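Notes follow once the structure below has been shown.
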Amino acid sequence: MKKVLFICLGNICRSPMAEAVMRDLIKKRGLTSQIKVDSAGTSDYHIDEPPHRGTKAKLQQYGITTSGMRARQLRSSDLHDFDYLVCMDESNVRNTIEMLRAEGDAKVFRFLDLTSHQKDVPDPWYTGDFQETYDLCVEGCEALLEKVLEG
Ligand code: 4NP
């Protein structure tokens, strides 16, 4: 069993989007028993809240549910409990490394560095563009799935 944790600031916009897209992709490929997916925020701003209504609506448009999803904060055990700590932007990488004392750990990386974009996932909390975030999550998740399957 491989375990993937998506990380952003609030755990209500980007990382739950990536989590839901990844879970959907894994299900479609028949890999549910092989890969576990979760998400967390570096901040405590939205603990126990469901995904942002924009994230929920965009996922629903593609037939992906957010049922049961609730925001949680990153915790120190996550470094041991997950194989991939996939950060939505560079500040998430920095904060994750600091919070988990994970300096130099290859488990922690920026999501879109797996793609040709090599950039942060724009935050729809500020941009309002949930389509852009969704499209980048799909592209990133396809690349991430390849990486996970390669081991
Ligand atoms: P997220 O977006 O990190 O993608 O969940 C944000 C959500 C909330 C805030 C900032 C970004 N906030 O400042 O409350």
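The values are calculated or read from the model by the stated rules, or taken from the named source; none is laboratory data. None of these values were measured; they are calculated from a predicted model. Counting neighbours? That spans all protein chains shown, and the Cβs are built from the backbone with ideal geometry, glycine included. Just so you know, the surface numbers come from the protein's heavy atoms only, side chains and all, with ligands and any DNA or RNA stripped out. Shrake-Rupley method; radii C 1.70, N 1.55, O 1.52, S 1.80 Å.
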Which lysines have a Cα less than 20 Å from the Cα of Lys36, not counting those fewer than 8 places away in the same chain? Lys2, Lys3, Lys27, Lys28, Lys107, Lys147
Across region 90-106, in residue order, what do the Karplus-derived ³J(HN,Hα) couplings come to in whole Hz, using 6.51 cos²θ - 1.76 cosθ + 1.60 with θ = phi - 60° and x for Gly and Pro? 5, 5, 5, 4, 4, 5, 5, 4, 5, 5, 9, 6, 10, 3, x, 7, 5
Quick one: Cα centre-to-centre distance for region 112-151 and region 59-78, in angstrom? 16 Å
Ala106 to Glu142: extension gain in nm, 0.36 nm per residue of separation minus the Cα-Cα distance? 11.0 nm
Say R0 is 22 Å: what FRET efficiency, to the nearest 0.05, do Tyr62 and Met99 get from their beta-carbon distance? 0.10
Under 5 Å from the placed amide H of Lys119, counting only residues 5+ away or on other chains, we find Leu112, Asp113
Counting only heavy atoms of protein chains, what accessible area per residue, in Å², does the chain have with a probe of 1.4 Å? 50 Å²
A correct Karplus calculation of ³J(HN,Hα) over region 22-27, with 6.51 cos²θ - 1.76 cosθ + 1.60, θ = phi - 60°, whole Hz and x for Gly and Pro, returns 5, 5, 5, 4, 4, 5
Tally up the carbon and sulfur contribution to the accessible surface of region 4-151 as a whole percent, 1.4 Å probe, everything protein left in place. 45 percent
How high is the relative contact order of the chain? Use alpha-carbon pairs under 8 Å, at least six apart in sequence, and give a whole percent. 28 percent
Tabulate in residue order the Karplus-calculated ³J(HN,Hα) for region 46-63, using 6.51 cos²θ - 1.76 cosθ + 1.60 with θ = phi - 60°, rounded to whole Hz; enter x for Gly and Pro. 10, 3, 6, 7, x, x, 3, 4, x, 5, 4, 5, 5, 5, 4, 4, 9, x
Sequence of Glu146, Glu103 from largest to smallest accessible area, 1.4 Å probe: Glu103, Glu146
Of all stretches in the chain that avoid chymotrypsin sites (Phe, Trp or Tyr not before Pro) placed in a DSSP loop and having at most 15 other Cβ atoms within 10 Å, the longest is 63-151
Nonlocal amide H pairs with His52, under 5 Å, H built at 1.01 Å: Cys13
Projecting the Cα atoms of Pro124, Ala40, Met99 onto the charge dipole of the chain, where Lys and Arg contribute +1 and Asp and Glu -1 at Cβ, the residue farthest towards the positive end is Ala40
Over the chain - Rg/Rh using Cα atoms and the Kirkwood inverse-distance radius: 0.92
Any chance you could look up the accessible area of Arg14 with a 1.4 Å probe, heavy atoms only, rounded to 10 Å²? 10 Å²
